[in-house]
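The structure appears below as structure tokens.
The values are calculated or read from the model by the stated rules, or taken from the named source; none is laboratory data. All of these numbers come straight from a predicted model, not from anything done at the bench. Cβ placement follows ideal geometry from the backbone for every residue including glycine, while neighbour counts extend to all protein chains displayed. These area figures cover heavy atoms from the full protein model, side chains too; ligands, DNA and RNA do not enter into them. Shrake-Rupley method; radii C 1.70, N 1.55, O 1.52, S 1.80 Å.
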Amino acid sequence: MPEGHTIHRLAAAFDAGFAGQRVRLSSPQGRFETEARRLDGQVLLDVEAVGKHLLLALGPEANLDPLAGSPAVSFVHVHLGLYGSWTFAGDEGFAAAHAIGAPRRRVGETEHAVDDGDAEAGDWRRIVPRETVRLRITGAHGLADLTGPTACEVYDAEQRAALLARLGPDPLRADADPERLFDRVRRSRTGIGALLMNQDVIAGVGNIYRAEALFRARLDPFVPGRDLSRGMVEGIWEDLVPLLAYGARTGRIVTTEPEHRDIEARIIERSRGTRQNGDEDPGVVPREKSFYVYHRHTLPCRLCGTIVRSADVAGRTVFWCPRCQSVRTRRAPWSREHDASAWAYAD
DNA sequence: ACTATATGTCCAC
DNA sequence: TGGACCTATAGTC
């Protein structure tokens with residue numbers, strides 16, 4: 001269940017584990033069999049993440065430029081949707097190459113083991129794929145199994161270009177143009193909460209980053225985009241960049257500032273005027289302390305204690321604090337709080 | 001064994 | 001706006 005940070009992490013894993021290699025493609029499940037057969041044995045020329053989309057460029061020769069427009073180059077386009085996942089297995093070097101602080105055998109989101117069949121310990125070449133594996137990619141030092149994707153298809157260069165042109169700026173891409181986000185938001189009557197989930201407006205943000213970014217901006221999800229100042233939208237963008245980067249680096253979404261992680265301590269602190277030492281294991285923030293509002297409906301807000309609300313917006317649940325996120329003005333009185341360097345996630 | 005749930009998207013009405 | 005789709009897992013009976 002990935003947002004953009006996961007896809008960029010996956011791209012890094014493919015790059016480290018397979019790029020430049022001749023790879024085998026197969027489709028144990030069968031639904032990608034024709035395509036896998038056609039591309040089997042080609043060279044993985046390039047790996048690219050755009051928002052929640054992964055693109056694997058393949059060609060018959062290693063020295064092809066994937067972006068030069070050669071018809072020999074194909075792009076495997078994968079979108080994980082809600083349920084898709086990649087499961088990795090490989091030798092020591094392969095695992096170490098892609099697992100940036102992640103579990104050794106996998107980089108995808110769902111924690112399921114590869115079906116080992118009768119594989120002897122350590123021999124990833126003998127791992128039998130699950131029947132649901134849509135695509136298996138095998139390289140010299142490891143393999144990756146794809147299950148449950150919303151999309152797994154072959155694009156040509158034009159289709160790839162059309163995808164990139166359609167998507168809004170991706171906070172994790174160096175070539176992102178946030179002007180487009182500012183324009184789209186400030187022209188729209190749609191609520192900012194819905195806009196942030198629209199991949200044509202901004203690519204890679206999902207339900208967690210949406211809810212959390214709006215809390216950090218102290219912004220009501222239902223405020224129309226056109227009511228926001230440019231500075232406010234810039235602030236959201238500048239906050240999302242380090243937030244997503246942290247997620248891509250660690251594989252975990254953490255949006256709470258350290259001093260806000262222990263709501264009970266904060267309530268005591270406020271009522272008694274004492275300060276508790278809230279230190280915890282540095283490095284790993286437990287899930288229940290990672291978010292301000294996501295999945296925290298019916299629980300008290302970490303900052304003000306008001307019960308966090310939830311509502312269905314276009315089929316997805318949005319979470320927000322009705323007190324902290326109640327501002328409905330065109331100016332951003334809190335805009336200086338958006339100095340990204342003040343947040344713990346600034347690189 | 002069954003059910004509910006999930007960080008997503010598309011299409012028909 | 002509602003349903004379809006793709007799959008694994010945690011919880012319940």
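Things worth noting here:
- Nearest-0.05 FRET efficiency for A:Arg323 and A:His297, computed from C-beta distance (R0 22 Å): 0.95
- Here the 3J(HN,Hα) profile of the stretch A:80-91, calculated from phi with Karplus coefficients 6.51, -1.76 and 1.60 at θ = phi - 60°, is 6, x, 7, 10, x, 7, 9, 10, 10, 8, x, 6 Hz, Gly and Pro shown as x.
- Inter-probe distance in nm under a simple model that places probes 7 Å from Cα toward Cβ, at A:Asp65 and A:Val284: 4.6 nm
- When you filter the trypsin sites (Lys or Arg not before Pro) in the stretch A:185-217 for DSSP loop state and at most 16 other Cβ atoms inside 10 Å of their Cβ, you are left with A:Arg187, A:Arg189.
- Cα-projected label distance for A:Ala314 with A:Arg252, points at 7 Å along beta-carbon direction, nm: 3.1 nm
- Additional length obtainable on full extension of the chain from A:Gln159 to A:Arg230, 0.36 nm per residue less Cα span: 22.3 nm
- When A:Glu158, A:Glu288 are compared by accessible area of protein heavy atoms, the largest-first order is A:Glu158, A:Glu288, using a 1.4 Å probe.
- Compared with the alpha-carbon gap, the fully stretched path from A:Asp183 to A:Thr132 is longer by 14.1 nm at 0.36 nm per residue.
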